[in-house]
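Asks: Once you've had a glance at the structure underneath, I'll fire off some questions.
The values are calculated or read from the model by the stated rules, or taken from the named source; none is laboratory data. Keep in mind that what you see is a predicted model, and the values were worked out from it rather than measured. Here Cβ is always computed from backbone atoms with ideal geometry, including for glycine, and neighbour counts include all displayed protein chains.
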Amino acid sequence: MLADRDSSLGPMKDLVLYLTDVAGPLRFAPYELVAMVAMLLFGAVVVFGFVLPVAGITSWLERRVWARIQSRVGPNRVGPQGFLQWLADGLKNLMKEDIIPSAADPWLFALAPYLVVIGFVATFAVVPFGDVLVIADLDIGILYITAVTGLVVVGVLMAGWASNNKWSLLGGIRSAAQIVSYEIPAGLSIFPVVLLTGTLSMQEIIRAQGWAPWHWFLFHDPFTFAAFFVFFVAALAEGNRTPFDLPEAESELVAGFCTEYSGMRYLLFFLAEWGNLYVIGAIVTTLFLGGWQVPPVTEHPVALAVFQLATFFAKAYFFVFVAMWVRATLPRVRVDQLMILCWKYMVPIALVNVVGTAIWMVVVPTSLGRVVAIAMTIGGAALVVIFFRRVRFHLRRARLGPADYYYSPFI
Amino acid sequence: MGAALFLLVAALTVVAALGVILHPNPVKSALFLVVTLFLLAAVFVLLEAHMIAALQIIVYAGAIMVLFLFVIMLLNLRNDDPERGRRRYVLRGLAWIGGVALAIELALLVRGASVGSAGSAPAGYGGAAAVARSLYTDFLLPFELTSILLLAAVVGAVVLAQKQRRPTLS
Amino acid sequence: MLDQYIGVVITFALGAVIVLGMVSGSMIFGARSTSRRAVKDEVFECGNPSSGPARGRFSVHFYLVAILFIVFDVEVVFMYPWAIVFRQLGVPGLIEMLTFVAILGFGLAYVWRRGALAWD
């Protein structure tokens, strides 16, 4: 199976070929073994060196960002600017007792965090960090992400049922209903991009775009533009984020499906939630914002890889920031509003986007399409300018004194 | 190596499937079904049918399992056998007859089939494009009829689950 | 082709390793209760003694949502292959899919008209 040496091993292929070459330092070792170890190392670097720190640091940054938005300070005691807060939280939870309530089903109760965490970590198998920096460039990439996210639903239902607690069961069922409902508009919003590229592979979708905004699918036509917003909102709802965090509505359900959880197992659900924010950002970046595409400034492979990695991270993390911003700003919606928003607004809009993009591809010639893309890019830039002018207008109207304008990123 | 892997996954699938029918608790039985469906997806991957593997997980392990779990939790089924008295024995007898008939059928099928190497699949086999080409040319009519079937499912669900609304005056 | 799935298996395994490592870490370093049947082992119900079974029945709306989800999920699944080869299919493919979407759109409209989408 592995004997096919032309097979893709991601970034490790050249290294493995070099190591096991007839003159390579590991020429005595079998190719399969070296390839396997290399893949394992790369996966471990991605998961432990990137996924876990990003999820942890996001938990600290989110509290700081909310605090700034709500004129508070936020965690600032542990380490410089409270940066080590996430490690302190982890250590604290490590010291806590792992309680499995006597009424709970012990096996399912213990198993549920595995499903939720695996469902989120496994998506990183296809998340591209750069042209060659991807663990597995599956040809069904985006479909794979949809599939493994299904594990989270099962994990949440399992946690809710196994806890044997009224809040947990209600929270778990609400959460599952919400996730599956919003999977429809999210899934439909992928289609405009799949129609344009004719592939499901994450890397091929990125390669079909360019570094310039007018080559992004976001500004390709009005339907992809709308699909982008539908997808982002649906993804937030799928990740149980405010304003859609009904399953964890503290005022109604204590802590939803994780009411009975404590210590490390409780932390793991939140690890998955924060890590999932980055996954949302990464998918949005891949589908609509050109992924790791960079202007052709360097030929050096390492420099290029670093540049692509930084570009992709900046774009994806911008959406993590937007999610924090939304959470700090908007109140929670009600259950009926949640369902109405999904089925009466987002599903029809998403269907129109799919059909609209297909008709657009048949009707609009390439030259006109290029003009539309540039016009839409200008329109998007104008929207950003108008937004900042509104912010300035409101700040002026508030007649703030010099002390109110005082702003430092470090407090 | 490939055959060994296939046999391992297939054996695990059968074990998980046995868990589905043997576990007394309906929720755990449904969760065993999730495991079975995931392993079945792994079997599809080993057979180079990647697209089908992903769709298998999305539709069965994702959508249909959620419905199963909802219904089990909705009805609040317990561990104990709801059927008592004579009906229970009648049902058991019927189940035995059906099971033995199925086993005989399977045995006949296996006897008639020749087991050997399936040969290598052509390039692109099981990929999305190959599935699409046959679905939208050769099987167009069944595909369009599927939408009617889905429509019937929606209407049926609404009629069953929704209370008839009284006409309001406003 | 198949070796790409090694990466998938590895990420699955690493996800399990994260949970296993963190949970066993908390078992080693964490506090341990000395008394069995402690109060903290009881069902949490905001401080009140737990009353009634936890697994009661709930609204049939959830069932309706699950059915709607399955129907539209199957629709989405049918659209994936179509979207991939749309460029080759061209206008006939568009008409095929418009028919399919129209029938399901009718289904959504029916559910909407019947008021099944209202959550009350």
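Asks: Looking at (1) within 13 Å of another protein chain (Cβ to nearest Cβ); (2) in a helix (DSSP H, G or I), which is the one condition that is false for A:THR285?
Replies: Status for A:THR285: all satisfied but (1).
Asks: Would you mind telling me which numbered condition in (1) within 24 Å of A:GLY130 (Cα to Cα); (2) in a helix (DSSP H, G or I); (3) in contact with a helix residue (DSSP H, G or I) (Cβ under 8 Å, 6 or more places away or on another chain) A:GLY290 fails?
Replies: Every listed condition holds for A:GLY290 apart from (2).
Asks: I need the full set of residues from the stretch C:79-120 which are in contact (Cβ under 8 Å) with a residue 12 or more places away in the chain and within 7 Å of chain B (Cβ to nearest Cβ), in order please.
Replies: Those that are in contact (Cβ under 8 Å) with a residue 12 or more places away in the chain and within 7 Å of chain B (Cβ to nearest Cβ): C:TRP82, C:GLU96, C:PHE100, C:LEU104, C:GLY107, C:VAL111, C:ALA116.
Asks: Hey, among C:LEU64, C:LEU104, C:LEU117, which residue is modelled with pLDDT of 70 or more and within 30 Å of A:THR199 (Cβ to Cβ)?
Replies: On inspection, the qualifying residue turns out to be C:LEU104.
Asks: Looking for whichever is within 30 Å of C:ASP73 (Cα to Cα) and either at pLDDT 90 or above or in contact with a strand residue (DSSP E or B) (Cβ under 8 Å, 6 or more places away or on another chain) (or both) here; the options are A:ILE349, A:ILE378. Which one fits?
Replies: A:ILE349
Asks: Out of A:ALA55, A:ALA122, A:ALA67, A:ALA103, I need the residue that is over 26 Å from B:ILE57 (Cα atoms), in contact with a Gly (Cβ under 7 Å, 6 or more places away or on another chain) and touching a residue at least 24 places away in the same chain (Cβ under 8 Å). Which one?
Replies: Just one listed residue meets the conditions, A:ALA55.
Asks: OK, next. Given the conditions (1) more than 14 Å from chain C (Cβ to nearest Cβ); (2) of a type outside the set (S, T, N, Q); (3) free of Cβ contacts under 8 Å to residues at least 40 places away in the same chain, which single one is not true for A:ALA373?
Replies: That leaves (3) as the condition not met.
Asks: Also: Considering only the stretch C:62-77, I want to know if a residue exists there that is more than 8 Å from chain B (Cβ to nearest Cβ), crowded, with 21+ Cβ neighbours inside 10 Å and within 14 Å of A:THR357 (Cα to Cα).
Replies: No, the stretch C:62-77 contains no residue that is more than 8 Å from chain B (Cβ to nearest Cβ), crowded, with 21+ Cβ neighbours inside 10 Å and within 14 Å of A:THR357 (Cα to Cα).
Asks: Please work out if B:ARG92 is modelled with pLDDT under 80, more than 22 Å from the chain's Cα centre (by Cα) and either loosely packed, with under 14 Cβ neighbours inside 10 Å or under 26 Å from C:PHE78 (Cα atoms) (or both).
Replies: no
Asks: Please indicate, with yes or no, whether at least one residue in the stretch A:140-147 is modelled with pLDDT of 85 or more and farther than 14 Å from A:LEU287 by Cα.
Replies: Yes, the conditions are met somewhere in the stretch A:140-147.
Asks: What tally of residues in the stretch A:80-98 results from selecting those that are within 19 Å of C:GLY21 (Cβ to Cβ), surrounded by 15 or more Cβ atoms within 10 Å (Cβ to Cβ) and of a type outside the set (Asp, Glu)?
Replies: Qualifying residue count for the region: 7.
Asks: What's the total number of residues in the stretch A:207-231 that are farther than 15 Å from A:PHE191 by Cα and out of contact with any helix residue (DSSP H, G or I) (no Cβ under 7 Å at 6 or more places or on another chain)?
Replies: Residues meeting the conditions: 5.
Asks: To continue, here is another question. Given the criterion farther than 29 Å from A:GLN178 by Cβ and surrounded by 14 or more Cβ atoms within 10 Å (Cβ to Cβ), identify the matching residue among A:THR366, A:THR377.
Replies: After applying the criteria, what remains is A:THR377.
Asks: Could we say that A:GLU204 is among the charged types (D, E, K, R) and crowded, with 22+ Cβ neighbours inside 10 Å here?
Replies: no
Asks: Here's something else I'd like to know. Are there any pairs, at least 6 apart or on different chains, whose C-beta atoms fall under 9 Å, with the first in the stretch A:149-170 and more than 8 Å from chain B (Cβ to nearest Cβ) and assigned to a helix (DSSP H, G or I) and the second surrounded by fewer than 24 Cβ atoms within 10 Å (Cβ to Cβ) and hydroxyl-bearing (Ser, Thr, Tyr), and if so, which?
Replies: A:GLY155/A:TYR114; A:LYS166/C:SER50
Asks: A further question on this structure: Only one of these is within 18 Å of the chain's Cα centre (by Cα) and in the same structural domain as A:VAL284 (by TED's automatic domain parsing): A:LEU236, A:LEU195. Name it.
Replies: A:LEU236
Asks: Mind checking whether some residue in the stretch A:312-333 is within 14 Å of another protein chain (Cβ to nearest Cβ), more than 20 Å from the chain's Cα centre (by Cα) and not acidic (Asp, Glu)?
Replies: So far as the stretch A:312-333 goes, yes, one or more of its residues are within 14 Å of another protein chain (Cβ to nearest Cβ), more than 20 Å from the chain's Cα centre (by Cα) and not acidic (Asp, Glu).
Asks: Name the single residue, out of those in the stretch C:98-118 being under 20 Å from A:ASN353 (Cβ atoms) and in contact with a Leu (Cβ under 7 Å, 6 or more places away or on another chain), that is surrounded by the fewest Cβ atoms within 10 Å (Cβ to Cβ).
Replies: It comes out as C:PHE106.
Asks: Looking only at residues in the stretch C:13-34 that are closer than 17 Å to A:ALA272 by Cβ and facing chain A (nearest Cβ under 7 Å), which one is surrounded by the most Cβ atoms within 10 Å (Cβ to Cβ)?
Replies: Checking each candidate, the answer is C:GLY15.
Asks: Can you name every one of the helices (runs of 4 or more DSSP H) wholly within the stretch A:1-116 that holds 2 or more residues which are at pLDDT below 80 and within 14 Å of another protein chain (Cβ to nearest Cβ)?
Replies: Correct list: A:12-19, A:31-46.
Asks: List every residue pair whose Cβ atoms lie under 6 Å apart, where the two residues are 6 or more positions apart in sequence or sit on different chains, the first residue falls within the stretch B:1-28 and is touching a residue at least 40 places away in the same chain (Cβ under 8 Å), and the second residue, located anywhere, is surrounded by 10 or more Cβ atoms within 10 Å (Cβ to Cβ).
Replies: B:GLY2/A:MET1; B:PHE6/B:LEU46; B:PRO24/B:ASN79; B:ASN25/B:ASN79; B:PRO26/B:ILE72; B:PRO26/B:LEU77; B:VAL27/A:TRP161; B:VAL27/B:ILE72
Asks: Something else: Within the stretch A:339-353, identify whether any single residue is within 17 Å of A:LEU218 (Cβ to Cβ), within 11 Å of another protein chain (Cβ to nearest Cβ) and within 25 Å of the chain's Cα centre (by Cα), and answer yes or no.
Replies: Yes; the residues of the stretch A:339-353 include at least one that is within 17 Å of A:LEU218 (Cβ to Cβ), within 11 Å of another protein chain (Cβ to nearest Cβ) and within 25 Å of the chain's Cα centre (by Cα).
Asks: Does A:SER189 satisfy the criteria of being closer than 18 Å to B:MET73 by Cα, touching a residue at least 60 places away in the same chain (Cβ under 8 Å) and polar (S, T, N, Q)?
Replies: Against the criterion (closer than 18 Å to B:MET73 by Cα, touching a residue at least 60 places away in the same chain (Cβ under 8 Å) and polar (S, T, N, Q)), A:SER189 does not qualify.
Asks: Still on this structure, please answer the following. What are the pairs, 6+ residues apart or on separate chains, where a residue within the stretch B:144-170 that is at pLDDT below 85 has its Cβ under 8 Å from a residue that is of a type outside the set (Val, Ile, Thr) and in a loop (DSSP other than H, G, I, E, B)?
Replies: Once the first residue is at pLDDT below 85 and sits in the stretch B:144-170, its partners that are of a type outside the set (Val, Ile, Thr) and in a loop (DSSP other than H, G, I, E, B) give B:VAL158/C:ARG114; B:VAL158/C:ALA116; B:ALA161/C:ALA116; B:GLN162/C:ARG114; B:GLN162/C:GLY115; B:GLN162/C:ALA116; B:ARG165/C:ARG114; B:ARG165/C:GLY115.
Asks: Here is a follow-up. For A:VAL294, work out the one condition from (1) under 19 Å from A:ASN240 (Cβ atoms); (2) surrounded by 14 or more Cβ atoms within 10 Å (Cβ to Cβ) it doesn't fulfil.
Replies: Only one criterion in (1) under 19 Å from A:ASN240 (Cβ atoms); (2) surrounded by 14 or more Cβ atoms within 10 Å (Cβ to Cβ) is unmet by A:VAL294, namely (1).
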